[in-house]
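A short worksheet on the structure shown next.
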Amino acid sequence: MRGTPEFAAKYKMGKRLASGSFGVVFKASSREAGPVAVKVIQVPPQANEAEVAAEVEVMAVLRNPHVACMIEAFWTTNSLGNAELLLVGGGAH
């Protein structure tokens with residue numbers, strides 16, 4: 001994620017907020033969106049690209065008070081990054 005020119009131009013990575021079995025979440029900042037959370041998910045080489053793209057499409061239109069709103073997605077050879085609304089100490093609503 002950090003190596004893609006588009007990502008590096010838009011987001012300045014901050015501290016690591018959390019990690020889990022699917023990936024790592026960082027606090028980041030964007031000139032356009034302000035503070036955001038960037039979730040970086042490692043995608044195995046055998047992953048179905050169409051299924052990953054479908055998941056990104058679902059997250060892009062999903063609006064739910066219990067799910068962070070996705071702002072943008074970045075895809076590299078082995079990882080997927082989602083810039084999401086940063087939720088600090090509570091929910092989106």
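The rows are residues; the columns are (1) on the phi > 0 side of the Ramachandran plot; (2) in contact (Cβ under 8 Å) with a residue 12 or more places away in the chain; (3) touching a strand residue (DSSP E or B) at 6+ places or on another chain (Cβ under 6 Å).
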| residue | (1), (2), (3) |
| --- | --- |
| F7 | no, yes, yes |
| E32 | no, yes, no |
| P45 | no, yes, no |
| N48 | no, no, no |
When the residues of region 1-54 are narrowed to those that are of a type in the set (A, V, I, L, M, F, W, C) and assigned to a loop (DSSP other than H, G, I, E, B), which ends up surrounded by the most Cβ atoms within 10 Å (Cβ to Cβ)?
M1
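For region 65-84, what are the residues that are in a loop (DSSP other than H, G, I, E, B) and touching a residue at least 60 places away in the same chain (Cβ under 8 Å)? Spell out how you get there, then give the answer.
Here is the first cut: in region 65-84, the ones in a loop (DSSP other than H, G, I, E, B) are 65-66, 68-69, 76-78.
Result: T76, single match.
Throughout, read-outs are computed from the coordinates displayed, never taken from laboratory work. The model shown is predicted, which means the values in this text are computed figures rather than measured ones. Counting neighbours? That spans all protein chains shown, and the Cβs are built from the backbone with ideal geometry, glycine included.
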